[in-house]
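The structure appears below as structure tokens.
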Amino acid sequence: DAAAAAVGAEFGKEDVKFWRSPGSPSYLLTEPFGRDSKAAFAELSVPLLSARQNLPLVHRVEVGAAVRAQDYSDTDAINIPTYRLLYQPVRWLTLRASRAEGFKPVRLYDLLAPTTTFTTNITTTSPYRDNLRGGEPLTPGPYEYSSGGNPALHPERSVSRNIGMVLDVPVA
């Protein structure tokens, strides 16, 4: 088996418009909101050993890696790597492990939507609970409620690690 590689690039544009239905407080836009993105990615898969080497407990050993370089116009550029290992001691048993990172930018709406504040009235029959106080019912009365974007939000990052086994049972 030969090594395999893949490379690519992509470009994107994201725009958001804010509006309210007639009769509601109107959103005021002072500028259009948008984001451009550029990305390049590469992946490499390298078989290290196979059954051709005739080694005990080695049917196949393979490693792989990938990286994605992502640049959004409103955040810092980021590199997102992935690594994997596959080991088959025999043809019917596969052991595999991987580590991958993830990145998700904040949606423009969640970041930039105009904020509006409403007053709502909680009654004794309202089903609302205070999650910060163990789920106790809210005291009846007027409450201010704000809805809209939060410019202090940050992109989400993640790391996942997986270890697994595949058992191929032949069917007669």
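The values are calculated or read from the model by the stated rules, or taken from the named source; none is laboratory data. Being a predicted model, the structure only gives us computed values, none of them experimental. No Cβ is skipped: glycine too gets one built from the backbone with ideal geometry, and neighbour counts run over all protein chains shown. In case anyone asks, the SASA skips ligands and DNA or RNA and just uses the protein heavy atoms, side chains included. Shrake-Rupley method; radii C 1.70, N 1.55, O 1.52, S 1.80 Å.
In the set (1) open to solvent by 80 Å² or more (accessible area, probe 1.4 Å); (2) under 30 Å from S50 (Cβ atoms); (3) aromatic (F, W, Y), Y87 fails one condition alone, (1). Restricting attention to the range 139-156, report how many residues are within 18 Å of T116 (Cβ to Cβ) and surrounded by 12 or more Cβ atoms within 10 Å (Cβ to Cβ). Total meeting the criteria: 5.
Which ones in the range 73-83 are part of a strand (DSSP E or B) and open to solvent by 40 Å² or more (accessible area, probe 1.4 Å)?
Just the residues of the range 73-83 that are part of a strand (DSSP E or B), to begin with: 78-83.
Residues satisfying the conditions are N79, T82, Y83.
Under the condition of being within 17 Å of Q53 (Cβ to Cβ) and not charged (D, E, K, R), the residues counted in the range 90-99 number 1. The number of residues in the range 97-138 that are surrounded by 10 or more Cβ atoms within 10 Å (Cβ to Cβ) and closer than 30 Å to A65 by Cβ comes to 10. Taking the range 1-45, which residues are outside any strand (DSSP E or B), under 12 Å from L108 (Cβ atoms) and modelled with pLDDT of 90 or more? Scanning the range 1-45 gives no hits.
Within the range 105-117, identify whether any single residue is among the acidic types (D, E), in contact with a Lys or Arg (Cβ under 7 Å, 6 or more places away or on another chain) and outside any loop (DSSP other than H, G, I, E, B), and answer yes or no. Walk me through how you get there before you give the answer.
Kept after step one, since they are among the acidic types (D, E), are these residues of the range 105-117: 110.
With in contact with a Lys or Arg (Cβ under 7 Å, 6 or more places away or on another chain) added as a condition, the list becomes none.
No: zero hits.
Conditions (1) assigned to a loop (DSSP other than H, G, I, E, B); (2) over 30 Å from P56 (Cα atoms); (3) touching a Phe, Trp or Tyr at 6+ places or on another chain (Cβ under 6 Å); (4) among the aromatic types (F, W, Y), marked per residue:
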{"residue": "L85", "(1), (2), (3), (4)": "no, no, no, no"}
{"residue": "A100", "(1), (2), (3), (4)": "no, yes, no, no"}
{"residue": "G149", "(1), (2), (3), (4)": "yes, yes, no, no"}
{"residue": "G164", "(1), (2), (3), (4)": "no, no, no, no"}
{"residue": "V171", "(1), (2), (3), (4)": "yes, no, no, no"}
